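Below is one structure, written out as structure tokens; the observations come after it.
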Amino acid sequence: MLILLPPSEGKYAPRRGAALALDGLSNPGLTSARSAMIDALVDWCTSDPEAATNGLAIPKTQPELLALNASLGNAATARAERIYTGVVYDNLSTQTLTAAARRRLGRVAVTSSVFGLVTLSDRIPAYRLSGDASLPGIGPVAAHWRTHLGEAITASVGSGLLVDLRSGTYQNFWRTEPLARQTATVRVLHEVDGVRKVVSHFNKATKGRLVRALLEDGANPRTPAKLAEAWRDLGWTVEIGDPGRSGTQLDVIVTEI
């Protein structure tokens with residue numbers, strides 16, 4: 001099973017740690033694509049910082065975010081599970097998992113604008129690059145990764161289940177159609193007085209908790225139906241839809257945060 005998460009907009013920037021070593025990251029087939037992205041981002045942020053600030057939607061009150069990009073080549077790194085912060089990762093809370101659950105972290109990967117795909121144990125620096133950005137010399141970030149991620153994700157999934165928890169922006173990095181028969185997409189719906197709707201905070205918090213529950217339980221379902229069954233056994237309300245071009249949609253219904 002491979003669980004795909006989106007990155008967080010906010011990131012923890014370590015002050016100490018080894019510098020980035022691209023050849024030490026998982027999915028080494030992405031090394032050249034990662035290097036091209038980093039070179040383009042560093043060059044833009046150092047050669048034309050004003051244009052980069054505007055193009056990357058960096059608040060002028062936070063110049064340190066531009067500095068993160070400019071120093072990517074020699075910035076301190078930490079495990080990706082520490083770098084990514086925010087609601088999904090707060091609720092996943094990898095540092096408080098049991099030892100057995102932490103051994104299962106290899107089942108989780110993050111789609112990254114800079115690195116394409118990283119595991120939570122990969123050592124990376126903090127950066128500021130949204131998935132809908134476009135860089136000089138690279139073009140749209142999503143289009144760059146669409147040409148590279150298919151092989152890496154397919155190899156990581158193998159014959160197992162792909163659980164796609166990415167947001168819409170990062171779904172554009174790679175479409176699940178080639179693996180539709182073994183893919184589960186997840187939608188979180190907040191139900192109040194019989195009315196269901198998508199609410200960002202509930203969506204993110206619940207996805208973090210869903211992943212945490214699977215890691216703690218140790219369940220390793222191989223089909224969308226078995227995944228729905230595993231979450232129901234863990235106390236979640238899950239409805240399963242019909243298979244579609246992108247996979248089988250599971251609706252997780254929550255009534256409170």
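The values are calculated or read from the model by the stated rules, or taken from the named source; none is laboratory data. Being a predicted model, the structure only gives us computed values, none of them experimental. All Cβ positions, glycine included, derive from the backbone under ideal geometry; neighbour counts span all protein chains shown.
Details
- Evaluating Arg212 against the criteria (1) in contact (Cβ under 8 Å) with a residue 60 or more places away in the chain; (2) farther than 26 Å from Val114 by Cα; (3) of a type in the set (D, E, K, R) leaves one unmet condition, (2).
- Checklist (1) touching a residue at least 24 places away in the same chain (Cβ under 8 Å); (2) touching a strand residue (DSSP E or B) at 6+ places or on another chain (Cβ under 7 Å) applied to Ser167, failing item: (2)
- Thr46 being surrounded by 15 or more Cβ atoms within 10 Å (Cβ to Cβ), of a type in the set (Ser, Thr, Tyr), modelled with pLDDT of 95 or more and closer than 17 Å to Leu135 by Cβ: no
- In this structure, Thr185 does not qualify as under 16 Å from the mean Cα position of the chain (by Cα), at pLDDT 95 or above and within 24 Å of Ala21 (Cα to Cα).
- Considering the range 80-136, the residues that are basic (Lys, Arg) and closer than 27 Å to Thr46 by Cβ include one that is surrounded by the most Cβ atoms within 10 Å (Cβ to Cβ), namely Arg128.
- Exactly one residue out of Ala180, Ala228, Ala213 is farther than 26 Å from Thr94 by Cβ and either in contact with a Leu (Cβ under 7 Å, 6 or more places away or on another chain) or modelled with pLDDT of 95 or more (or both), and it is Ala180.
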